[in-house]
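Asker: Can you keep this structure in mind? I'll have questions shortly.
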Amino acid sequence: MFTREQVDDFARAAKLERWKNSGGQAVGMKRLSPVQPAEGRVLLVYGNGSCATGCARYADVIQKAAALDVFILEYPGYADRAGKPSQESLFRAADEGMRLLGTNAPVYLVGESLGTGVAAYLAGTYPGKVAGVVLLAPYNRLADVAQYHVRILPVHWLLVERFPSEDYLRQYHGPVGVLVGGKDHVVPERFGRRLYEGYAGPKRMWEFPEANHWTVTQRTPGEWKEIVDFWHGKGR
């Protein structure tokens with residue numbers, strides 16, 4: 001955890017500002033597109049070990065690719081946001097974020113690692129509100145990834161936080177992009193492939209054979225332009 005002053009300093013350095021609810025409580029960070037009116041809004045849900053100010057790089061590259069406002073959800077118990085992280089608390093925070101984005105512009109979801117489960121939940125829960133999804137280093141079920149890392153114990157029985165992405169995506173029918181790294185040993189690409197293969201809607205996979213869990217998320221503005229074009233129905 002960081003202090004409020006520390007997070008404010010991080011935000012200024014990253015050219016982000018606080019994203020607040022109607023009660024004045026911070027729920028994350030945001031950076032509006034320098035080109036207004038924006039074409040839509042991106043909601044980013046990050047991976048474990050990160051925080052909203054640590055994700056400014058996404059706003060940097062996405063806004064070079066398209067005129068999109070970028071909102072980064074802060075999880076309970078991360079940075080200076082009160083609470084404790086769990087599947088339930090992350091989903092409730094994500095619900096609030098979706099409500100705050102409103103309905104007067106397209107909403108696109110970007111999920112990273114652990115956050116791909118949160119993005120899948122949102123897509124399945126608000127299918128009519130989500131115009132497109134991209135998942136970086138995703139999994140079909142977090143329990144399957146845990147079983148891979150702890151092969152002796154019956155993790156499917158022990159893991160409470162299951163994040164069943166494949167189940168949630170069955171309720172969504174919009175475009176889903178998947179990015180996997182061939183040298184990702186945290187969430188091996190097989191789990192992203194399972195999610196991709198099981199999805200019945202419009203989809204595209206980007207494969208990076210030399211990428212690990214970190215570098216698979218380091219995409220260029222040109223690659224983000226491909227993702228945005230895919231969301232808009234180009235190149236399917």
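The values are calculated or read from the model by the stated rules, or taken from the named source; none is laboratory data. Given the structure is predicted, the values throughout are model-derived calculations rather than measurements. When we count neighbours, we look across all protein chains shown, and the Cβ atoms used for this are built from the backbone with ideal geometry, even at glycine.
Asker: Which condition number does VAL186 fail, the rest of (1) assigned to a loop (DSSP other than H, G, I, E, B); (2) touching a strand residue (DSSP E or B) at 6+ places or on another chain (Cβ under 9 Å) being met?
Answerer: Answer for VAL186: the failing condition is (2).
Asker: Which ones in segment 131-143 are crowded, with 23+ Cβ neighbours inside 10 Å and either touching a strand residue (DSSP E or B) at 6+ places or on another chain (Cβ under 9 Å) or more than 15 Å from VAL45 (Cβ to Cβ) (or both)? Lay out the reasoning, then the answer.
Answerer: Kept after step one, since they are crowded, with 23+ Cβ neighbours inside 10 Å, are these residues of segment 131-143: 132-140.
Listed by number, the residues that qualify are GLY132, VAL133, VAL134, LEU135, LEU136, ALA137, PRO138, ASN140.
Asker: What about GLU166, is it surrounded by 14 or more Cβ atoms within 10 Å (Cβ to Cβ), out of contact with any Leu (no Cβ under 9 Å at 6 or more places or on another chain) and part of a helix (DSSP H, G or I)?
Answerer: Details: surrounded by 14 or more Cβ atoms within 10 Å (Cβ to Cβ): yes; out of contact with any Leu (no Cβ under 9 Å at 6 or more places or on another chain): no; part of a helix (DSSP H, G or I): yes.
No.
Conditions tested, residue by residue: (1) buried (at least 16 other Cβ atoms within 10 Å of the Cβ); (2) modelled with pLDDT under 95; (3) among the acidic types (Asp, Glu); (4) out of contact with any Leu (no Cβ under 6 Å at 6 or more places or on another chain).
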| site | (1), (2), (3), (4) |
| --- | --- |
| GLY28 | yes, no, no, no |
| PRO34 | no, no, no, yes |
| VAL42 | yes, no, no, no |
| GLY54 | yes, no, no, yes |
| ARG57 | no, no, no, yes |
| GLN63 | yes, no, no, yes |
| VAL70 | yes, no, no, yes |
| ALA79 | yes, no, no, yes |
| GLU88 | no, yes, yes, yes |
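Asker: Within segment 191-236, how many residues are surrounded by 15 or more Cβ atoms within 10 Å (Cβ to Cβ) and in a loop (DSSP other than H, G, I, E, B)?
Answerer: So the answer is 7.
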